[in-house]
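The structure appears below as structure tokens.
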Amino acid sequence: MSTYCEIAPGHPYHGPYHETEYGFPVESESILFERLTLEIFQAGLSWLIVLKKRQGLNIAFNNFDVDQVASFTQFDIDRLRNDSSIIRNRLKIEATICNAKSIASIHRSHDGFAYWLFQKKLNKEDWCKVFMQNFKFTGGTIAGEFLMSIDYLKGAHHENCSVYKNIKALNPVWLINKT
């Protein structure tokens with residue numbers, strides 16, 4: 001079975017994501033929100049579909065501005081359900097809006113989503129519980145992939161991948177915490 005590190009290099013969509021984003025540390029609230037949303041929209045679909053729809057999702061969700069998305073109404077849900085540039089799953093759209101509200105609340109109570117994440121030193125099982133308590137549409141796979149994508153869990157790249165070496169040099173959270 002091929003790994004992402006083997007199939008992504010050179011691919012027009014997977015390559016850039018693999019080499020410059022996947023597994024790298026993230027502190028920007030909008031990027032964290034985007035990554036969580038992308039993982040949710042990927043459920044039941046291929047990652048390639050999500051990467052192809054990424055630009056449309058960014059436009060549809062106001063570049064993942066948490067406060068703007070948290071204020072979306074039924075009108076916005078209906079608008080997004082008719083937007084062919086995105087994945088038009090009602091449950092995923094509604095989860096994104098609900099998650100924006102959760103992140104906005106976390107931002108107010110913990111000085112930001114990134115800081116809230118960093119304060120927690122958890123293993124994957126405990127992370128999954130925390131995500132299922134705080135966010136919609138986030139089971140173990142979605143939470144795990146999100147956390148790998150932002151450097152909180154090891155596994156985004158195999159040890160022989162050149163990107164792995166680049167990330168390891170940045171002292172990722174998974175290396176520091178070793179949970």
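Some values worked out for this structure:
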{"quantity": "Selection within region 59-69 - of a type in the set (Asp, Glu) and either touching a strand residue (DSSP E or B) at 6+ places or on another chain (Cβ under 9 Å) or assigned to a helix (DSSP H, G or I) (or both)", "calculated": "67"}
{"quantity": "Qualifying residue in region 81-89 (condition: among the hydroxyl-bearing types (Ser, Thr, Tyr) and either in contact (Cβ under 8 Å) with a residue 40 or more places away in the chain or out of contact with any Leu (no Cβ under 9 Å at 6 or more places or on another chain) (or both))", "calculated": "yes"}
{"quantity": "Unmet requirement for residue 115, which otherwise passes all of (1) exposed (fewer than 14 other Cβ atoms within 10 Å of the Cβ); (2) over 14 Å from residue 32 (Cα atoms)", "calculated": "(2)"}
{"quantity": "Leading residue by the ranking (surrounded by the fewest Cβ atoms within 10 Å (Cβ to Cβ)) among those in region 152-179 that are in a loop (DSSP other than H, G, I, E, B), touching a residue at least 24 places away in the same chain (Cβ under 8 Å) and of a type in the set (A, V, I, L, M)", "calculated": "170"}
{"quantity": "Residue in region 25-44 that is among the aliphatic types (A, V, I, L, M), in a helix (DSSP H, G or I), at pLDDT 95 or above and farther than 25 Å from residue 172 by Cβ present", "calculated": "no"}
{"quantity": "Breaking point among (1) surrounded by fewer than 21 Cβ atoms within 10 Å (Cβ to Cβ); (2) free of Cβ contacts under 8 Å to residues at least 40 places away in the same chain; (3) not acidic (Asp, Glu), for residue 131", "calculated": "(1)"}
{"quantity": "In region 136-151, the residues that are under 9 Å from the mean Cα position of the chain (by Cα) and in a loop (DSSP other than H, G, I, E, B)", "calculated": "150"}
{"quantity": "Residues satisfying the stated conditions in region 1-24, i.e. at pLDDT 95 or above and in a loop (DSSP other than H, G, I, E, B)", "calculated": "8, 9, 10, 11, 12, 13, 21, 22, 23, 24"}
{"quantity": "Residue in region 39-46 that is of a type outside the set (Val, Ile, Thr), surrounded by 21 or more Cβ atoms within 10 Å (Cβ to Cβ), farther than 20 Å from residue 148 by Cα and under 16 Å from the mean Cα position of the chain (by Cα) present", "calculated": "no"}
{"quantity": "Qualifying positions in region 84-112 - β-branched (Val, Ile, Thr) and assigned to a loop (DSSP other than H, G, I, E, B)", "calculated": "86, 87"}
{"quantity": "Residue in region 45-58 that is in a helix (DSSP H, G or I), closer than 29 Å to residue 5 by Cβ and β-branched (Val, Ile, Thr) present", "calculated": "yes"}
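The values are calculated or read from the model by the stated rules, or taken from the named source; none is laboratory data. Since the model is a prediction, treat every value here as computed from it, not as a measurement. Note that each Cβ is placed from the backbone with ideal geometry, even for glycine, and that neighbours are counted across all protein chains shown.
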